[in-house]
1. So for segment B:17-85, what percent of the C-alpha to C-alpha distances run longer than 13 Å?
2. In this model, which of B:Lys99/B:Lys137; A:Lys102/B:Lys76; A:Lys17/A:Lys102; A:Lys70/B:Lys147; B:Lys15/B:Lys95; A:Lys70/B:Lys76 are farther than 19 Å apart at the alpha-carbon?
3. Rg to Rh ratio, the protein assembly as shown, alpha-carbon atoms and Kirkwood radius?
4. Counting Lys +1, Arg +1, Asp -1, Glu -1, what net charge surrounds A:Leu66 among other residues with beta carbon under 10 Å of its beta carbon?
5. Beta carbons within 10 angstrom, averaged per residue: use that to sort the peptides B:66-75, B:125-134, highest first.
6. Once the Cβ-Cβ distance between A:Leu59 and A:Ile127 is put in as r, and R0 is 22 Å, what FRET efficiency do you end up with, to the nearest 0.05?
7. R0 = 35 Å: FRET efficiency of B:Thr2 with B:Asn66, Cβ-based, nearest 0.05?
8. With every atom except the alpha carbons ignored, what do you get for Rg and Dmax of segment A:42-106, in angstroms?
Amino acid sequence: MSETEKVNIVPCSGIGKSFGSVSRLAAYYITEDDRPADTTLVPLALLVLGDKDTNNTVLSNPSITLDGCKLQCAKKMIGECGGQIAQDLVVLDVYRDHRDLKPAGIAVLNEAGEKLARALADVVDLIIDQTLGITREEKNA
Amino acid sequence: MTEYLETTVDKFIFKVATDRLFTPEGLWVKNEDSLVRIGVTDFFQQRNGDIAFVNLQPVGKMLELNDEVASIETIKVNLSLSSPVTGKILNINQKAVTKPEIVNQDPYGEGWLCELSVNNWAEESKKLLTPEQYFIKMKKDAEEEVKKNE
C-alpha cells in the first residue's frame, strides 16, 4: 500500500445531460458499491461554494475526476483548489470504446447509460488500485 | 492567417472564418488551387456538442452534389453531412477520425474533414454563402436557439 489511504471521486455536476448523469451513476457505483472503504465522493457543487470540509478533503487525498463533457469542470475545479489529480476521465472517451452503449435519459438513464456507467466504474476501479498501490495479489487475498 | 467575424450570443462566442465559403447547414468550403477542403463551422460544432465519432467517405470516392460526404455522431445527435460540391475525394483527415475532439477544438484548422478535386467549382460555388451571409444566418439561428431554451 502507498501512503495514500483514500481516493476522492469527483463527478460532473452538470444537470440535464445524459453523459453527466453517467459520470454521477459511475461515482455512486464506485463509492457506494465497489470501493466504499477506499473512496470519498466529492460533490463538485460544495467545492464551487467554497465548503471548507470539502476543500480539505480535496487537499488531503488525490482525486479522480469524472467529467461529462470536454469542458471538464471537475478537473478544473480540483486544479483551482490545489488538489492533486490522480487521473482525469471524460465519459465521452469511455463511450468511444463502447459505441453500442449510447446513453439517453437524464434523471433516469436508459439501460445503455447504466452499462456505460458500469464500464466507467470498472476503469476507475483499476486507477484506484494504481493510486493506492494495491497489487492484484493484495486485492484477491 | 485566417481572420474571423465574431459574435456573442448569450454566453457563447461564435466565429466565422472570412477566407472561405459556407453551406447554410454549417459546412465550410475552401478552394485552394482546385483542391477543395471541407469542414464544419464553429457554430456547427458548438451547437451539436462534443463529437464522439467521425466517419468519412474513402479516398477515391466520387461524390455528386449533396451525396453524403461524412457522418458525425455527437453526444446529442447523429448527423449526415451533404457534399457541397461535385468531385473526387483526394484526402481525408485521419486525425478527425482517430481524435474527433480535434473537430471541436479547431473546426477551421486541424479539424478539417476531407479534400476533393472539383471540376464545377465556378458554378457550384455560386450556391454557397459568403462569410457575411453565413454570419447573418448563423447569428439568427443562434439567437433562436437561445430563445428556444429560455
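1. Values: 1569 of 2346 pairs.
So the pairs more than 13 Å apart make up 67 percent of the total in segment B:17-85.
2. On the way: B:Lys99/B:Lys137 29 Å; A:Lys102/B:Lys76 10 Å; A:Lys17/A:Lys102 12 Å; A:Lys70/B:Lys147 25 Å; B:Lys15/B:Lys95 22 Å; A:Lys70/B:Lys76 14 Å.
Those over the limit are B:Lys99/B:Lys137; A:Lys70/B:Lys147; B:Lys15/B:Lys95.
3. Details: Rg = 22.4 Å, Rh = 21.1 Å.
For the protein assembly as shown, the value is 1.06.
4. On the way: positive: A:Arg24, A:Lys75; negative: A:Asp67, A:Asp88.
Counting the neighbours of A:Leu66, the net charge comes to 0.
5. On the way: B:66-75: 18.1, B:125-134: 15.5.
Result, highest mean first: B:66-75, B:125-134.
6. Working: r = 20 Å, r/R0 = 0.89.
Here the calculated transfer efficiency is 0.65.
7. Details: r = 27 Å, r/R0 = 0.77.
Approximately 0.85, to the nearest 0.05.
8. Considering segment A:42-106 through its Cα atoms, Rg and Dmax are 13.4, 41 Å.
Read-outs throughout are calculated quantities, based only on the coordinates presented, and are distinct from any laboratory measurement. Predicted model, so just to flag it, every value in this text is computed and none were measured. Counting neighbours? That spans all protein chains shown, and the Cβs are built from the backbone with ideal geometry, glycine included.
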